[in-house]
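J.: Here it is, the structure, as C-alpha cells.
Read-outs throughout are calculated quantities, based only on the coordinates presented, and are distinct from any laboratory measurement. Nothing here was measured: the structure is a model prediction, and the numbers come from that model. Reconstructed Cβ throughout: ideal geometry from the backbone, glycine too, with neighbour counts over all protein chains shown.
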Amino acid sequence: MMQHIVTSLGLFLPEIALTVTFCVALIATLIVRKRPAIVGVLAFLGVTIALVLTLNQAGTGTTIFSGMVAVDPYAVFFKALMAVTALFIIAFSFYSAEVQNTVRRMGEYYTLLVGLTLGMFLMAGANNLLMMVLALELTSLSSYVLAGYTKEAPDSSEASLKYIIYGALSSGVMLYGISLLYGLTGALELRMVNASLAMGVLNPYALLVAVVLILVGFGYKISAVPFHFWTPDVYEGAPITITAFLSVASKAAGFAMMIRFFKVVFIDTSVAGLAPGMWATVQGVEWNKIIAILSVLTMTLGNLVAVWQNNLKRLLAYSSIAHAGYMLMGVVVLSDKGLAAVMVYFVMYLLMNLGAFLVVMLIANKTGSEDIDDYKGMGFRTPLLGVAMTIFLISLTGLPPMAGFIGKLYLFAAVIDANWIWLAVVGAINSVISLYYYARIFRNMFLRDPEPNAQALTFSALETALVLVLAIPTLYLGIFPGIVADAANASLAMFGIR
C-alpha cells in the first residue's frame, strides 16, 4: 500500500505543484497585500513548473491512487493546454484595467486562478465517477468567485449568482445520474463500469436516464444548448481575463472529462471487424445520436443569437457556444479520428479565442467600451491590433489560411469519414452564418471612418508582444498544422481501455 501511494505521488507532481503554489500564493497574499504583483509572479512560476512536470509525463500510461486518476498522453495533452491558457491569462491580468484597479483583492484573484487550474487538471485525468464530481466542484467553486470578482461593476454580482444557481442545479442533476449509474453497475472506476455494462444484463431504460442526467453536467460545463443560459451573462459580467479563461480552459476541461467518460465507459471491445481506430458502444446505448442533436442545437443557437449582439464580450460568448457545437461533432464520431480532430481544434481555438479577447481587453482599457459601434476606424487608430483582430476573426470563422480553418477541416473530415453527412452540412451552414457577425467587427474597424475627435491608440511593447505571440501561431498553424495533429494522434495511442 505504501509503495503504491509513493508511486502515485510521484506521478501526481503537476497537481502537487499547483497545490503548493495555491498555498504559497494564499500566504503571500496576507504578507504582501499592498504588492499583489508578487502573488501574480508566484502564480505564473507555479503554473510554469506544473506545465514542465506535465510534459515530463508524456509517454506514461497508467492510473494512480487505485484508479482514481489517469496519467496518460491524453491527460497530458489537455493539462498542457490548460496550463498554457492559465499562463496567458495571468499575463493578460498584469495589463487588465479591471483587475489592476482592485489592488486589495488581487492576491486572492491570482490564488483562485491557480485553484481553478488545479481543478481542471484533475478533470482531465478523472478516471472515477467520484473523482469526476470532486474535480468538477473544485473547478466550479473557484470560477463562481472569479466570475463576480469585479463586484463594483453592476452586472458582476448578477453574473456570479446566475453561475452559482445554474452550476448547483446541473451538478445536482449530474450527481443523481452518477448515483443511478453506480446503482446499476456497482462500480465507480470507469473501466469497472464498462466491464459491468459489457455483461449486458442491465435495464437499458434506467441506463439511458443515467446517461442523459450525466450529460446535463457535461453540457453545463461546455456551454452546450440547452444548458448554456448562464454563459452570456457570466461572460459579460466577469472580467475579460476570466471570460477568456472560462471560454477556453474550462471548456477544454469539460470536453476532456466527457470524452474520457464516454470512450472508456461505453466502448465495446468485443465487437470484431472494426477498422483500426474505430469503436462501438455497449448495450446499444447510442449516446452519440443524443450528442449529435446537442451539437446541432448548440452551434445553430450560438450563431443565430450572436448575429444580434452589439457587446463584443456577449458576442464572443455566443460564439463560444457555437464553437462548442462544432467540437461536439467530433465527439459524435465513434473513432479516434474524431477525438483527434477535437484536440486539434482546441489548440487552434486557444490561440484565436484568447487573441480576440486580448484585443478586446486592450482596447477596452483605452476606450472603456466593448461595443462594436465604438470600433469604427479602429484599424486606423491602432493598425497592429486591427490586423491582429482580423486574423483572429477570420480564424474563428474557419477561413484559410488561418489555424481555425485547419481545426474545422479536421472536424468535417472526421464527420464525413464516419458518414454523418447531414451533420457536416449543418456545420458548414453555421460557419457561413458566423461569417456575418465576425465581418461586422472588421467592417467597422477598416471600412468605417473613426469619429472626428478620435485619437490614435498606443500600447506598450509587452502588450504588443502578447498580441503577436497569439497572432503569429494562428497564421503559422494554418499553413503548417502537422505538429499539432501529430501530438493529438500520439495522445490517443494509450488512451482508454484499448
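J.: With only Lys, Arg, Asp and Glu charged, each at its Cβ (+1 for the first two, -1 for the last two), find how big the charge dipole of region 155-263 is about the Cα centre; round to the nearest 20 debye.
T.: 440 debye
J.: Here is a follow-up. If we count every other residue with Cβ under 12 angstrom of M258's Cβ, Lys/Arg +1 and Asp/Glu -1, where does the sum land?
T.: Neighbour charge sum, excluding M258 itself: +4.
J.: If you rank F255, F12 by fewest surrounding Cβ atoms within 10 Å, what's the result?
T.: The most exposed by this proxy come first: F12, F255.
J.: Hand me the chymotrypsin sites (Phe, Trp or Tyr not before Pro) from region 162-247 located in a DSSP loop with no more than 16 other Cβ atoms within 10 Å, in residue order please.
T.: Taking region 162-247 and a limit of 16 other Cβ atoms within 10 Å, the loop chymotrypsin sites (Phe, Trp or Tyr not before Pro) found are F229.
J.: Ranked from highest to lowest mean number of other Cβ atoms within 10 Å per residue, what is the order of the peptides 460-469, 330-339, 316-325?
T.: 316-325, 330-339, 460-469
J.: Projected onto the charge dipole of the chain (+1 at Lys/Arg Cβ, -1 at Asp/Glu Cβ, origin at the Cα centre), which of L468, G355, V209 gives the Cα projection farthest towards the positive end?
T.: Toward the positive end, the furthest listed residue is L468.
J.: Between region 36-102 and region 207-250, how many Å separate their Cα centres?
T.: Each part reduced to its Cα centre gives a spacing of 21 Å.
J.: Shifting gears a bit: Can you list the aspartates and glutamates whose alpha carbon sits under 14 Å from that of K162, skipping same-chain ones fewer than 8 residues off?
T.: Hits, sequence-local ones excluded: D233, E236.
J.: May I ask you to order 81-91, 363-373 by the average number of other C-beta atoms within 10 Å around their residues, highest value first?
T.: Highest to lowest by the protection proxy: 81-91, 363-373.
J.: Kindly flag which residue pairs out of K79/K376; K221/K289; K151/K376; K251/K408; K221/K408; K79/K151 have an alpha-carbon separation exceeding 27 Å in this structure.
T.: Exceeds cut-off: K79/K376; K151/K376; K79/K151.
J.: Separate question: For the chain, what is the calculated [θ] at 222 nm in deg cm²/dmol (nearest 500), taking -39500 (n - 2.57) for each run of four or more DSSP H residues and dividing by its residue count?
T.: The per-residue figure over the chain is -24000 deg cm²/dmol.
J.: Have a look at F346, N311, I290 and report the one farthest towards the positive end of the charge dipole of region 286-498, computed about the Cα centre with Cβ charges (Lys/Arg +1, Asp/Glu -1).
T.: I290
J.: Using the Cα centre as the reference, give the magnitude of the dipole from point charges on the C-beta atoms of region 286-498 (Lys, Arg: +1; Asp, Glu: -1; all else neutral), rounded to the nearest 20 debye.
T.: 120 debye
J.: Let me ask another. Counting Lys and Arg as +1 and Asp and Glu as -1, each charge on the Cβ, what is the dipole of the chain about the Cα centre in debye, to the nearest 20?
T.: 260 debye
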